[in-house]
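The values are calculated or read from the model by the stated rules, or taken from the named source; none is laboratory data. Since this is a predicted model, take the numbers as computed values, not measurements. Here the Cβ positions follow ideal geometry from the backbone for every residue, glycine too, while neighbour counts run over all protein chains shown. To get the accessible areas, we keep the full protein, side chains included, count just its heavy atoms, and leave off ligands, DNA and RNA. Shrake-Rupley method; radii C 1.70, N 1.55, O 1.52, S 1.80 Å.
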Amino acid sequence: MTISSLVPRMSRICGPGNVVTDPLELRTYECDGLTSHRATPALVVLPCDAGQVAAVVRECAAAGIPFVARGSGTGLSGGAVPREDGVLIVMSKMRRVLEVDPLARRAIVEPGVTNLAVTQAAAPYGLFYAPDPSSQVVCSVGGNVAENSGGAHCLKHGFTVNHVTGLEVVTPSGELTWLGDGTGVPLGYDLLGAFTGSEGTLGIVTKVVVKLTVAPQAVHLVLAGYATLAEGGRAVSDIIAAGIVPAAIEMMDALSIEAAEAAVACGYPQGAGAVLLVELDGPATEVEAELATVMKIIEAAGATEVRTADDPAQRFAIWKGRKAAFAAVGRLAPAYIVQDGVVPRTALGDVLARISALSASSGIRVANVFHAGDGNLHPLVLYNDAVPGEAARAEEVSGAILDACIEYGGSITGEHGVGVDKSRYMPRMFSDDDLDTMQLLRCAFDPASLCNPGKVFPTPRLCGEVPGHHRAPHPAVVSGDAAAAGGDQGTAPQSPPMEIF
Amino acid sequence: MSEQPSTDHLKDVAGDCVHCGFCLPACPTYQLWGEEMDSPRGRIHLVSQLLDGAPLTPATATHFDRCLGCMACMTACPSGVQYDQLIEAARGWTEHPDQAPAGPPARADAPADAPAASPAAISAPARFARRSLRDRTTRAAIFAVFPYPARLRALTAPLRMAQRTGLDKWLAGSGLPAKVSPAAEAALRLAPPSAKRTAGQRLPERVAARGPRRAVVGMLTGCVQSVFFPQVNAATARVLAAEGCDVIIPRGQGCCGALSGHSGRHAEAMRFARATIETFEQAGVDAIVVNSAGCGSAMKDYERLLADDPTWAARATALSGRVRDLAEFLAGLGPVAPRHPVPVTAAYHDACHLGHAQRITRQPRELLGAIPELRLVELPDAGTCCGSAGVYNLLQPQAARELAVRKADSVLASGAELVISANPGCTLQISAELAQRGKVIATAHTAEILDASINGRPR
């Protein structure tokens, strides 16, 4: 079946106004927040409820047409890049907060609801939704689930996976089902945990049950300016060594400070080589005691300027600079790559030195913004796509940074996901056996490889294929611990839907 | 002189967008529909496609038409994209498809995958893809009336008659206006009840400062403001005089060109701009005080509008530099006139062309907050347009109405007894929606409340 023959069916399911076929309109969906990967979808549909999503997916499954889910289109690894031969299922019309239960400290929301809207709905009850990606004003909760998104405050409060207790999902065969029972305590296999962070490859989220966290009694933000990143890094290590777990520890280098200042006039110390933000939250007496220790450490590390803020307006003003930093870098260069490497905190200084050397030798500027508390680096590799060859050199620097992260025992992604952008780096971190084992899970959900294909894994492969062209079947299959996924060798199984629960 | 900025310049502006999406939640149409093409990021993408040579399809033109031009996206944008320049260019293309980068649009009934800018697409039948006849007629009517206070005033007499006799309600109930033209229906619904008689309220050419003179200022009276809200202009003059300003109100002043400029009628906007510049140059004033947000924003933009006109560029720059919004001017000048209590709970509504286009949000709140016994409450959606947006509520009545409903909900939930706004369009829009619900919440301009406080009398 061709995609054009799907149009009337999709129009019947979602309503004609919610099916996009105009070529110019389709192109506006060609990329997410990472513009270096683009593909114009053959068709875009905007379903309005879970039933419509399931019906759309069933049509795709029956026709053997690939599909990709998209939330607000703010992802930074190309996880929602469409397929030119497929359907893009846009969740932005499903944005109702269905329930806020202050006693159970729980909210049920549709996937298109923005991250910040959850907190806004919870705020009247003294509650908030803890994971806070910098794009929280716009990024969708459904996208957060797909990417297991983090944010500045995940150091203390945890990632999305720690705050999602139930998901209504549409499986790649079009079945509507629930994962998790809303308590957060998995019974049997933790399918909820497996689904969260699966980057849209295991199905599409249609409802999300999230934990709400009691707003802390006291919040204190400290901003410190340093001459060098190394001095700021020392403060970070010493704070953690003192046994303090701040809600957030963030650092920015001179270039990102410059960009943030230009964008939102955040008033960070002028001429500083590094700005460190340390936020403490909790019971007032605890915060007070920790603050005294943190201030001592910060000053001992050689801070040139220290400011503190405890009222929401002042804190918001300071955070604004950090949260706008990525997009603000758009003022420094026409294009940039956002990297998302992770290194052990103790290696921060060495890796930053390596990045700076890479930048110097290549002539490609790199701005650094990072979650210093958990070693999650966000180097922003700046380039001008109008200069021939510069994009390729930036890509090279970007890859070399990830190599450095792996070399120091870290990872290629902390919170942005692998998507299409970092799939080629997966073999640098994982062995073929590792990747094949991941494929087994994926194939259990999506035997026909129609659900966001081409993401996460370096080489697209149908589930029926023998993993690894030069090798025997998966060791787990050989040993009898796992069934060969997908049935017949060499052909992709089609519907009927597989029973997986 | 070209009427459109160069393609290269626009490409540079569009290139500043890094596709982060921070503008999406700020955009009223994205709030309404959740579709990329009706978000700022999507519209910038569409502009880029056109700049790269894609033909202007009817669908694309619709997305530009649906933009309110509220500029909330510019406030939200961390990358500093000058969206106003892009949307104004796009509006120019929809008004004059022959000026679009790829030439005129394909026919509406052409196959969607027709090759871009093929010779066939530029031939005669292409003209059919222009706006519908009804749309063009509506626009022609609007721009033949609104920028001309005398014509606008002439229309208010039959309107008042209809309101007095109840004919307007009968008409609305009949559903007839909606059938003839959604714009006509919207105009009837939005028209203020029993517009006050304007005779005798004509302002003098000069109002002398009370006490020592601190400044000599010119005052723009506006089109909609002068016809529907003459009392606002009177209050503005009294407040300025009370604060020690000689107020010069040039007789010959006409439309500032805001409505035309914000609707892609660049040539018309330039004509109005030149006339306005000439008028105020002759007035010999330190500053030109504007009490209508849309007008102030347009006049501050003369500099860019006339940048390519060698004989006018310098004069435009000089004039734009002297334009001040009333609240901006008063906050800068500092108060001397004593304030009396105005015991009321009021919500201040940010007009988009003040809050977003001119980035003036603090000054009106400071001025109002300094009035004894006036309790100022914030609207949770203060940054979101009420749907008025110049003549948007006439051209896109459905979307405008939905936004008005949201704004009215927010006003009612705030507990305010009074809504203060610095733009006549917003006041009309919000009042009409509240009136439809039978809610009595007063609306006023910042100037009227300051006037009431300074002169110690209730409105």
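Tabulated data for the structure shown
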read-out: Extreme residue, most open to solvent (accessible area, probe 1.4 Å), among residues of the stretch A:124-161 that are in contact (Cβ under 8 Å) with a residue 24 or more places away in the chain and out of contact with any Ser or Thr (no Cβ under 9 Å at 6 or more places or on another chain); value: A:Y125
read-out: Filter result for A:D132 (of a type in the set (D, E, K, R) and farther than 20 Å from A:T206 by Cα); value: yes
read-out: Within the stretch B:256-279, considering residues that are assigned to a loop (DSSP other than H, G, I, E, B) and open to solvent by 10 Å² or more (accessible area, probe 1.4 Å), the one nearest to B:L333 (Cα to Cα); value: B:H262
read-out: Those residues of the stretch B:24-49 which are among the hydrophobic types (A, V, I, L, M, F, W, C) and within 8 Å of another protein chain (Cβ to nearest Cβ), in sequence order; value: B:L24, B:W33, B:M37, B:L46
read-out: Selection within the stretch A:423-434 - more than 22 Å from A:L76 (Cβ to Cβ) and open to solvent by less than 60 Å² (accessible area, probe 1.4 Å); value: A:S431
read-out: Matching residues, the stretch A:175-193, being at positive phi and either surrounded by fewer than 21 Cβ atoms within 10 Å (Cβ to Cβ) or in the same structural domain as A:M252 (by TED's automatic domain parsing) (or both); value: A:G182, A:G184, A:G188
read-out: Complete set of residues in the stretch A:87-143 that are more than 14 Å from chain B (Cβ to nearest Cβ), within 21 Å of the chain's Cα centre (by Cα) and not hydrophobic (A, V, I, L, M, F, W, C); value: A:Y129, A:P131, A:D132
read-out: Complete set of residues in the stretch B:356-382 that are in contact with a Gly (Cβ under 7 Å, 6 or more places away or on another chain) and either open to solvent by less than 10 Å² (accessible area, probe 1.4 Å) or within 21 Å of B:Q31 (Cβ to Cβ) (or both); value: B:T361
read-out: Every residue from the stretch A:1-39 that is within 12 Å of chain B (Cβ to nearest Cβ), touching a helix residue (DSSP H, G or I) at 6+ places or on another chain (Cβ under 8 Å) and open to solvent by 40 Å² or more (accessible area, probe 1.4 Å); value: A:T21, A:R27, A:S36
read-out: The stretch B:420-437, residues that are more than 14 Å from B:R189 (Cβ to Cβ) and either at pLDDT 95 or above or surrounded by fewer than 22 Cβ atoms within 10 Å (Cβ to Cβ) (or both); value: B:I420
read-out: All positions within the stretch A:58-107 that are over 26 Å from A:H416 (Cβ atoms) and among the small types (G, A, S); value: A:A61, A:A62, A:A63, A:G64, A:A104
read-out: Any hit, the stretch A:375-382, residues being among the polar types (S, T, N, Q) and open to solvent by 10 Å² or more (accessible area, probe 1.4 Å); value: no
read-out: Residues that are buried (at least 18 other Cβ atoms within 10 Å of the Cβ) and more than 23 Å from the chain's Cα centre (by Cα), drawn from the stretch A:348-364; value: A:G349, A:R354, A:L358, A:S359, A:I364
read-out: Check on A:L221, more than 16 Å from the chain's Cα centre (by Cα), open to solvent by less than 30 Å² (accessible area, probe 1.4 Å) and closer than 30 Å to A:V57 by Cα; value: no
read-out: Conditions (1) outside any loop (DSSP other than H, G, I, E, B); (2) without any contact (Cβ under 8 Å) to a residue 40 or more places away in the chain; number of the one not met by B:T311; value: (1)
read-out: Matching residues in the stretch A:54-99 - criterion: being among the β-branched types (V, I, T), surrounded by 19 or more Cβ atoms within 10 Å (Cβ to Cβ) and touching a helix residue (DSSP H, G or I) at 6+ places or on another chain (Cβ under 8 Å); value: A:V56, A:I65, A:T74, A:V87, A:I89, A:V90
read-out: Some residue of the stretch B:90-100 being out of contact with any helix residue (DSSP H, G or I) (no Cβ under 6 Å at 6 or more places or on another chain), open to solvent by 10 Å² or more (accessible area, probe 1.4 Å) and in a loop (DSSP other than H, G, I, E, B); value: yes
